[in-house]
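Heads up: the structure comes next, in structure tokens.
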Amino acid sequence: MTATDTHRAIEAVWRIESARIIAGLARMVRDVGLAEELAQDALVAALQQWPESGIPDNPGAWLMAAAKHRAIDHFRRNKRLERKHEELGRELQAQQELAVADFDAALDDTVGDDLLRLIFISCHPVLSTEGRVALTLRLLGGLTTDEIARAFLATEPTVAQRIVRAKRTLAEAGVPFEVPRGAELAARLSSVLEVIYLIFNEGYSATAGDDWMRPGLCEEALRLGRILAELAPKEPEVHGLVALMEIQSSRARARVSSSGEPILLLVQNRAEWDQLLIRRGLAALERAEKLGGARGPYALQAAITACHARAVTAEETDWARIVSLYGALAEVMPSPIVELNRAVAVGMASGPAAGLELVDTLVREGALDGYHLLPSVRGDLLKKLGRLEEARGEFARAAALTRNSRERELLLERARGCAGSGSQLTSAS
């Protein structure tokens, strides 16, 4: 194996094992920042040693042992926590004895709990939204600062600062490395699910830049959601979110043309939808419902996507049920964006005039001023009603508000199309 091959193998191992290694170390040292530094030190050691010595039979166990060695050195240098030093030493010895065994089996008793703790601390509400997203991708996704910056079209120093600030905030706040219990669990779990879905949405419909989608972010969010579902199998909203992401991901191939242009939901080639992901999503939705979570916000959104997934053709879509589901969603999660989506569904179920009445109410309320999809939806409804000049102005306004170049060109094309006849559907799900 060449040095290049070894480095690629190390990168692959790191992506797979880094979260578990950092989680295990954080449990012992009670400091996420220090845990990541120790894990990174072990990675550097692997990059130095493995090209000559070869990749160990159990690379994850090797990295964990190397990181624990460095943890012991750290405590020795600081001449503190002698008891912790002894605990680490005993744990290191036990780990070395188990190194010949499978890594998953070696850590089976604690790795699940450690990962769950790391997920909750990375998504702690004490952190800013940007900090939670960056720290989660860094610690749980194994992404480099540069990769996170490129994914969100930010500068590397900006992302680095977010991560540093997040670690410092956790340390200063004395956030315990534990899974929340009781009443606190629901609020903390909500924060975790929000972060994962924010990551997914940025991949599914990029807010800015030249790409309509960033599939890598969708895949990472879905991976994190699946892990969380395994670690918290009795939480219905976790399964609801996984269902939502699975079904939405099933459309990925059909959402973008070969040259990168967006393809809207109701004109997509449904033969290109991934049926395996749809089946997985429907199964996750069923689990959420069996756990009593049918009216959870993510489960309701998943049920809406399931209506589209079950329709063999766009014409078979059960818009009446979708309207009902959006009504239920508005009760548990009141939001002008939910109302805008409900207006789209009402327009499909009861005609564009009914949908436009709801949209005009949102316009008067002003809560969505500056949100590009409001004029986009209004333009579509006006076009269906034959009010082409008004529709053209709405599409042009929406194009001016979006920061995604692919979406801007789509909206401008729709504005130009108002000079002719016909109608195009608005939903870009």
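Here are the numbers for the structure shown:
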read-out	value
Sulfur and carbon atoms: percent of accessible area, the chain [1.4 Å]	51 percent
Gap separating the Cα centres of segment 189-207 and segment 155-183, nearest whole Å	18 Å
Nearest 10 degrees, 0 to 90: helix 111-122 Cα axis against the chain principal axis	60 degrees
Label-point separation, Ala154 to Ala183 (7 Å along Cα→Cβ), nm	3.3 nm
Crossing angle, helix 3-29 versus the chain [Cα axis fit, 0-90 degrees, rounded to tens]	80 degrees
Residue-averaged 222 nm ellipticity for the chain, from DSSP H runs of 4+ at -39500 (n - 2.57), nearest 500	-23500 deg cm²/dmol
Accessible area per residue, Å², the chain with all protein chains present, probe 1.4 Å	46 Å²
Extended-chain gain in nm, criterion 0.36 nm per residue less alpha-carbon gap, Ala271 and Asp211	19.3 nm
Degrees separating the helix 236-249 axis from the principal Cα axis of the chain, which is the longest one	70 degrees
DSSP-loop trypsin sites (Lys or Arg not before Pro) across segment 117-210, with at most 12 other Cβ within 10 angstrom	Arg181
Length gained when the stretch Glu11-Ala419 is fully extended (0.36 nm per residue, less Cα-Cα span)	141.5 nm
Column: log10 I(q)/I(0), Debye, Cα scatterers of segment 362-413, q = 0.22, 0.26 Å⁻¹	-0.74, -0.95
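The values are calculated or read from the model by the stated rules, or taken from the named source; none is laboratory data. Note that the structure is a prediction, hence the values are computed from the model and not measured. Neighbour counts are summed over all protein chains in view; Cβ atoms, including those assigned to glycine, are modelled from backbone coordinates with ideal geometry. Ligands, DNA and RNA are stripped out before the accessible areas are found, and what is left, the full protein with its side chains, is counted by its heavy atoms. Shrake-Rupley method; radii C 1.70, N 1.55, O 1.52, S 1.80 Å.
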